[in-house]
Amino acid sequence: MRIFALSDIHIDYQENLRWVEAISDTDYVRDVLILAGDVSHDRDLCAQALECVRRKFARVFFVPGNHDLWLRSDESGDSLQKCTELLDRCRQLDVHTQPRCLTDTSTRIWIVPLFAWYVRPEEDPHESLFVPKQGEDPHLGMWVDNRAIRWPSFDGFKTAAAYFLAQNQDLPQTDDTAVVISFSHFVPRPELIFPTFAELESLGIVPVDPQPRFNFSRVAGCHSLECLIRQLRSQVHIYGHQHRNRQRHIDGITYLSHCLGYPRERAHGKIPKNLQQPLLVWDTDAGGRVLSCSGGER
């Protein structure tokens, strides 16, 4: 059994849809895919992609991202209602959105989806991952969520993030004999937002801010997500949302992001142009975890 990770496939782009459809129909039939959100804002396309990967992998785990909950101006209802409908569709397709224990010959492996959302600094400065940025637009005028996400009244919850975090019920009680691989769409800690010089060098990117008015940290994630990851005793946490492929080891946990992203991001080198497949996270035949942002083994 092998476990692979992927996020932000955005199959609204035909190039991305072709990439997903081109994933081998035979190479992964015994394997697990973790899909960490942002498939498509279109209900039918989202279902099409989930059906596609479900045919290719033995098991698929999924949590929705913000794009998956977008509503067009002519759509009725709210984004929470759309989320409920999407989770119902996942159950119909046998796509897992709740924790499951997978056991190989010697190891119990927990795959734990974590529902979350981001917290803006004006909503709760202690929960937000916000880091100030000179010259930024504090209103995030370019952020489509401002127009495409519509929430109902979250009675009893201060933020959308608080509501979604509360949906993480029945989390497994694990010990040192189990392997825990958790995942979320949103970012759990601010250190993951910013690139290192080594990462920039590996991609051949000149460190120039292409969007000086946009501050991603305002909408990255929340601190309580990290608390859940620690509570779970995760060895590996997979996340998406930012469209930057990274591997970091912080305080005993390996954080991985492996996004397909937008075609223009791959064209400009923000994401590797030669991205060929989901990221291999665990390989039983290799004796344990296999971690690499480039697809190689470590």
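Identify, by number, the condition in (1) surrounded by 12 or more Cβ atoms within 10 Å (Cβ to Cβ); (2) farther than 30 Å from Ala178 by Cα that Asn146 doesn't meet.
Looking at each condition in turn, Asn146 falls short on (1).
Which residue out of Arg59, Arg72, Arg54, Arg100 is in contact (Cβ under 8 Å) with a residue 60 or more places away in the chain and charged (D, E, K, R)?
Matching residue, one of Arg59, Arg72, Arg54, Arg100: Arg72.
Would you confirm whether or not region 120-138 contains a residue that is of a type outside the set (Ser, Thr, Tyr) and either touching a Leu at 6+ places or on another chain (Cβ under 8 Å) or under 30 Å from Arg30 (Cβ atoms) (or both)? Steps first, please.
First, pick out the residues of region 120-138 that are of a type outside the set (Ser, Thr, Tyr): 120-127, 129-138.
If we keep only those that are either touching a Leu at 6+ places or on another chain (Cβ under 8 Å) or under 30 Å from Arg30 (Cβ atoms) (or both) too, we end up with none.
No.
I'm checking my understanding of the structure. Among residues of region 97-121 that are out of contact with any Pro (no Cβ under 8 Å at 6 or more places or on another chain) and polar (S, T, N, Q), which one is surrounded by the most Cβ atoms within 10 Å (Cβ to Cβ)?
Result: Thr107.
Which of (1) touching a Leu at 6+ places or on another chain (Cβ under 8 Å); (2) crowded, with 18+ Cβ neighbours inside 10 Å; (3) not acidic (Asp, Glu) is the odd one out, the single condition Arg89 does not satisfy?
(2)
What residue, among those in region 163-196 that are under 17 Å from Leu80 (Cβ atoms) and touching a residue at least 40 places away in the same chain (Cβ under 8 Å), is nearest to the chain's Cα centre (by Cα)?
Going residue by residue through region 163-196, those that are under 17 Å from Leu80 (Cβ atoms) are 163-169, 185-186.
Retained after the next criterion (residues that are touching a residue at least 40 places away in the same chain (Cβ under 8 Å)): 163-165, 167-168, 185-186.
Details: Tyr163: 18, Phe164: 15, Leu165: 15, Gln167: 17, Asn168: 16, His185: 3, Phe186: 6 Å.
Among residues in region 163-196 that are under 17 Å from Leu80 (Cβ atoms) and touching a residue at least 40 places away in the same chain (Cβ under 8 Å), the one nearest to the chain's Cα centre (by Cα) is His185.
Would you pick out the residues in region 127-164 that are small (Gly, Ala, Ser), within 25 Å of Arg213 (Cα to Cα) and in contact with a helix residue (DSSP H, G or I) (Cβ under 9 Å, 6 or more places away or on another chain)?
Residues of region 127-164 small (Gly, Ala, Ser): 128, 135, 141, 148, 153, 156, 160-162.
Now restrict to residues that are within 25 Å of Arg213 (Cα to Cα): 128, 135, 141, 148, 160-161.
Correct list: Ser128, Ala148, Ala160, Ala161.
Look at Ala160 and say whether it is at pLDDT below 95, surrounded by 13 or more Cβ atoms within 10 Å (Cβ to Cβ) and closer than 26 Å to Pro99 by Cα.
Details: at pLDDT below 95: no; surrounded by 13 or more Cβ atoms within 10 Å (Cβ to Cβ): yes; closer than 26 Å to Pro99 by Cα: yes.
When the stated conditions are applied, Ala160 does not pass them.
The values are calculated or read from the model by the stated rules, or taken from the named source; none is laboratory data. Predicted, not measured: the structure shown is a model, and the values here were computed from it. We place every Cβ from the backbone using ideal geometry, glycine too, and count neighbours over all the protein chains shown.
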